[in-house]
Amino acid sequence: MKYIKKNGTEPKTLKEYRQTTPNAIYKGFIDTDQKLKKALLKEQKYICAYCMRAIDLDTVSVEHYISQKKHKDSPYSIEKHKQLSLEYRNMLGVCVNNGEHCDKTRMNTPFRRLNPLKPECEKLLTYSLSGRIRAITDNEDVSFDIELLKLNCDFLKNNRLTILEAAKNIFIKEHPRGTWTKKMLKKEAEKYRQPINRKGIAKFKPFCNYIAWYFNELSKSSKYP
């Protein structure tokens, strides 16, 4: 999960629908020219708000952080859920998947702690060399949310490891073993925390935080000067 900074620029089509349609609900909104999805992709720099897989117009789905329907554990009223279903600040872009993870397993269950719309979300998570995500301090609420999203399902773990292996191979090709330093490894970690801008389009590498974590952990080893 990576922090998403909302830029406040919601699509005009969504704003007009909300303001001009009596008793408007999200289900009735038509995403003309896919402007809503395009806005979310640009804002998130083309990664899923929950698992950080790469997404594009063909593989993105609109998710509501506070669900459209009220869950028994939700502190909000039914009307509040309906109201928030049309608020751009409550919308995220998530990956289309086969039901194994992210919004497909979460459904309308409220989160206890994790929220990609808050900077703290990244500080609450850490990783392992086996590709797992875990709460950084064994926080029960964070662990609940990780399980809710099934972020440690085999599919995601294997994908993280595949992407990491590719990143490691690129690094080794550019920097032969025996030449590595702490500064070099930290610089590599920072590289994955930043989006890559190509032809005016900024994109994060898929699973970027996991790769950044790996190189940062490597830099802590006493074997590197």
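The values are calculated or read from the model by the stated rules, or taken from the named source; none is laboratory data. What you are looking at is a predicted structure, and each value in this text was computed from that prediction instead of being measured. Positions of Cβ are generated from backbone atoms using ideal geometry, with glycine treated the same way; all protein chains shown enter the neighbour counts. Protein only, heavy atoms only, side chains kept; ligands, DNA and RNA dropped before computing areas. Shrake-Rupley method; radii C 1.70, N 1.55, O 1.52, S 1.80 Å.
Miscellaneous remarks
- Remark: region 17-29, residue by residue, has Karplus-estimated 3J(HN,Hα) of 4, 5, 7, 10, 9, x, 6, 5, 10, 4, 4, x, 6 Hz, where x stands for each Gly or Pro and the curve is 6.51 cos²θ - 1.76 cosθ + 1.60 at θ = phi - 60°.
- Paramagnetic label zone (point 7 Å from Cα along Cα-to-C-beta, GLU140; backbone N under 17 Å) in region 93-128: 111-114
- With a Förster radius of 41 Å applied to the C-beta separation of ALA202 and ARG177, the computed FRET efficiency comes to 0.80.
- Spin-label model distance (nm) - LYS80 vs LYS12, 7 Å beyond Cα toward Cβ: 3.4
- Under 13 Å, Cβ to Cβ, from CYS153 - net charge with Lys/Arg +1 and Asp/Glu -1: +4
- Taking the protein heavy atoms of region 50-201 in the context of the full set of protein chains, the accessible area attributed to carbon and sulfur is 52 percent at 1.4 Å.
- Per-pair calculated FRET efficiency, R0 = 25 Å: THR162 and ARG132 via Cβ, rounded to 0.05: 0.95
- Given charges at beta-carbon only (K, R positive; D, E negative), |dipole| of region 33-76 in Debye: 120
- Top of PRO119, PRO110, PRO176 by mean-square fluctuation, Gaussian network on the chain, Cα under 10 Å: PRO176
- Solvent-accessible area per residue for region 1-111 (1.4 angstrom probe, square angstrom): 53
- Over region 79-176, volume per residue of the alpha carbon convex hull, in Å³: 141
- Most fluctuating residue given options THR105, THR20, THR181, as computed from a GNM of the chain linking Cα atoms under 10 Å: THR20
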